[in-house]
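The values are calculated or read from the model by the stated rules, or taken from the named source; none is laboratory data. Quick caveat, the model's predicted, so the values are computed rather than measured. Cβ: placed from backbone, ideal geometry, glycine included. Neighbour counts: every protein chain shown. Ligands, DNA and RNA are excluded from the accessible area calculation, which covers all protein heavy atoms including side chains. Shrake-Rupley method; radii C 1.70, N 1.55, O 1.52, S 1.80 Å.
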Amino acid sequence: MLSIPDLIKKKRDGAKLSEGDIKAFVEALTSGSIQDCQTGAMLMAIWQRGMDTRETATLTKEMMLSGEVMSWPREWAGLLVDKHSTGGVGDKVSLVLAPALAACACKVPMISGRGLAHTGGTLDKLESIPGFSVHQSAQQVRAILSSVGCCIVGQTETLVPADRILYATRDITGTVDSLPLITASIISKKGAESLTALVLDVKFGRAALFKDLRDAKELARLLVNAGNELGMRTGAVLSRMDGVIGRSVGNVLEVIEALDVLKTGGRPDLMELVATLGGLLLAMTGLAADQSEGRRKISQAVSGGAALLKFQAMMEAQGVAKETARALCSAHTDYFTILRKAKHQLDLSASHDGVLMDVDGLVLAEVVHKLGAGRSKAGQPVNHSVGAELLLSLGQKITKGTPWLRVHYEEPAPSPDQIERLQSALVLGSVADWKKQSLVQEVMLPV
Ligand code: IUR
């Protein structure tokens with residue numbers, strides 16, 4: 001067996017690592033026998049030289065096996081599903097999709113993350129609901145899946161410890177943006193959930209991790225391959241991430257929007273993503289004959305109210321008081337009697353007439369993040385009430401002086417420079433230029 005320095009040199013010099021090499025590296029990580037500087041050097045060698053499909057699949061599997069792999073009752077075989085998104089602006093898809101899938105008979109042990117860079121995190125959104133606990137043990141997850149069918153939780157201590165070490169080291173060694181390392185990190189955690197089917201929402205565009213469709217497609221291909229290698233039916237959706245998904249950005253505001261969607265339906269872009277991702281999962285598990293039947297089933301679960309009931313039951317199972325959960329899900333709720341409202345609101349108005357062509361989601365996300373909706377260091381608290389709401393839809397006519405954006409803020413207040421940036425995010429054009437564009441660019445099926 002090669003020593004750690006020899007393994008590093010092997011990768012540095014461009015050779016392929018064998019299964020035994022990768023196993024030895026991950027074992028050294030988990031046992032603590034490797035030094036931090038060696039981990040950093042190996043990550044940089046991988047960043048520089050890359051990994052082929054086989055090496056990536058092996059790294060993914062060995063990372064998955066570095067900790068607990070969840071097990072489920074035999075009668076749930078074929079029903080376990082989850083989705084992962086590479087990070088969006090206003091991305092509240094999970095809040096609608098998890099209960100919709102549960103309403104379609106799936107078991108959804110959704111393990112989500114916190115905000116990363118300018119993008120929001122599902123766990124932060126849910127924690128804006130009083131009492132909601134994202135910390136659930138494997139045993140509690142099983143109990144919630146048994147009674148409700150879905151839960152949304154944080155990663156437990158015992159799941160994929162190798163990723164915790166590698167991710168923290170990548171963050172401080174300039175090696176986050178490596179396709180094989182991203183792939184192994186994401187898929188090892190999903191593999192440890194012992195899923196039947198997994199769908200990946202791989203985003204591209206101005207406000208996405210990858211700006212370019214070609215790069216996003218390459219990541220999607222690697223993710224789909226690694227997931228299928230682990231025995232999960234894995235598909236991907238390539239979706240455009242230039243603006244805002246739905247109408248709001250910020251934790252409380254996104255929970256309110258998700259609840260509104262579950263009660264009365266939502267903006268078409270958000271519903272399109274929910275139905276496409278959910279439809280693909282139902283088709284992959286065989287709970288629907290094909291994707292279009294799957295889409296229909298998901299849409300019905302939302303429009304018929306079954307998904308709302310699942311969301312209510314999930315909140316209760318994860319610590320929200322019964323009366324609070326019921327009030328949030330009732331038809332005429334004043335949300336702000338339960339959820340925290342920011343002390344101040346500021347409406348921004350259009351400076352001239354036109355048609356709302358586009359909104360720069362990256363600018364909105366960055367400003368709202370600075371106002372406290374996101375964190376600049378791990379562990380920092382976020383201000384759940386801070387955010388922004390689009391008051392108009394794309395393609396809508398707007399006249400000079402009409403409010404288009406409501407900013408919810410506390411301390412700090414938006415500076416003149418930030419207000420100017422927000423105003424620059426509004427793109428107006430003429431009716432002739434307006435063309436509706438679908439968020440979903442392409443669906444990639446299991447290999
Ligand atoms: N999310 C993950 O789970 N892993 C990664 O490497 C990235 C996002 I980037």
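Answer yes or no: is there a residue in the range 222-234 that is open to solvent by less than 20 Å² (accessible area, probe 1.4 Å), touching an Asp or Glu at 6+ places or on another chain (Cβ under 6 Å) and within 15 Å of the ligand (Cβ to nearest atom). Don't jump to the end; show me each part of the working.
Residues of the range 222-234 that are open to solvent by less than 20 Å² (accessible area, probe 1.4 Å), as a first pass: 222-224, 226-227, 232, 234.
If we keep only those that are touching an Asp or Glu at 6+ places or on another chain (Cβ under 6 Å) as well, we get none.
The answer is no; no qualifying residue exists.
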Checklist entry - Mind checking which residues of the range 266-298 are surrounded by fewer than 19 Cβ atoms within 10 Å (Cβ to Cβ) and hydroxyl-bearing (S, T, Y)? => result S292
Next on the checklist: Of all residues being within 24 Å of I187 (Cβ to Cβ) and among the small types (G, A, S) in the range 82-101, which is farthest from the ligand (Cβ to nearest atom)? Just the residue, please.
Outcome noted: A100
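Name every residue in the range 109-139 that is in a helix (DSSP H, G or I) and either within 15 Å of the ligand (Cβ to nearest atom) or closer than 30 Å to F336 by Cα (or both), in order of residue number. Steps first, answer last, please.
Filtering the range 109-139 for residues in a helix (DSSP H, G or I) gives 122-126, 138-139.
T122, L123, D124, K125, L126 - these are the residues of the range 109-139 that are in a helix (DSSP H, G or I) and either within 15 Å of the ligand (Cβ to nearest atom) or closer than 30 Å to F336 by Cα (or both).
When the residues of the range 189-240 are narrowed to those that are among the hydroxyl-bearing types (S, T, Y) and more than 15 Å from the chain's Cα centre (by Cα), which ends up farthest from V141 (Cα to Cα)? So that I can check it myself, show each step before the final result.
Step one: list which residues in the range 189-240 are among the hydroxyl-bearing types (S, T, Y), which gives 194, 196, 234, 239.
Still in the list and also more than 15 Å from the chain's Cα centre (by Cα): 194, 196, 234.
Values: S194: 13, T196: 17, T234: 22 Å.
Only one residue tops the list, namely T234.
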Checklist entry - In the range 146-163, what count of residues is obtained for those that are more than 20 Å from the chain's Cα centre (by Cα) and open to solvent by less than 20 Å² (accessible area, probe 1.4 Å)? => result 2
Item to check | Single unsatisfied condition, S393 versus (1) of a type outside the set (A, V, I, L, M); (2) under 30 Å from V202 (Cβ atoms); (3) part of a strand (DSSP E or B) | outcome: (3)
Checklist entry - Any idea which of (1) part of a loop (DSSP other than H, G, I, E, B); (2) among the small types (G, A, S); (3) farther than 30 Å from I129 by Cα is the one G246 doesn't satisfy? => result (3)
Checklist entry - Within the range 415-431, is there a residue that is modelled with pLDDT under 95 and charged (D, E, K, R)? => result no
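For the range 174-189, name all the residues that are farther than 19 Å from D82 by Cβ, part of a helix (DSSP H, G or I) and within 8 Å of the ligand (Cβ to nearest atom).
Quick first cut of the range 174-189, residues farther than 19 Å from D82 by Cβ only: 174-181.
Pick out the ones that are also part of a helix (DSSP H, G or I) and you get 179-181.
Answer for the range 174-189, where residues must be farther than 19 Å from D82 by Cβ, part of a helix (DSSP H, G or I) and within 8 Å of the ligand (Cβ to nearest atom): just L181.
Hey, any hits in the range 310-328 for a residue that's open to solvent by 70 Å² or more (accessible area, probe 1.4 Å) and modelled with pLDDT under 95?
We begin by selecting, within the range 310-328, every residue open to solvent by 70 Å² or more (accessible area, probe 1.4 Å); these are 322-323, 326.
Restricting the remaining residues to those that are modelled with pLDDT under 95 gives none.
No, that holds for no residue.
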Checklist entry - Just wondering, is there one or more residues in the range 350-362 that are part of a loop (DSSP other than H, G, I, E, B) and open to solvent by less than 70 Å² (accessible area, probe 1.4 Å)? => result yes
Checklist entry - Is there a residue in the range 164-178 that is open to solvent by less than 60 Å² (accessible area, probe 1.4 Å), touching a Lys or Arg at 6+ places or on another chain (Cβ under 6 Å) and touching a residue at least 12 places away in the same chain (Cβ under 8 Å)? => result no
Checklist entry - Which ones in the range 373-395 are open to solvent by less than 50 Å² (accessible area, probe 1.4 Å) and of a type in the set (S, T, N, Q)? => result N383, S385, S393
Checklist outcome for this item: Within the range 195-216, the residues that are away from the ligand (no atom under 11 Å from the Cβ), buried (at least 18 other Cβ atoms within 10 Å of the Cβ) and not in a strand (DSSP E or B) are L195, T196, G205, A207, A208, A216
Checklist outcome for this item: Over the range 141-173, the set of residues over 18 Å from K190 (Cα atoms) and in a helix (DSSP H, G or I) is A143, I144, S146, S147, A168, T169, R170, D171, I172, T173
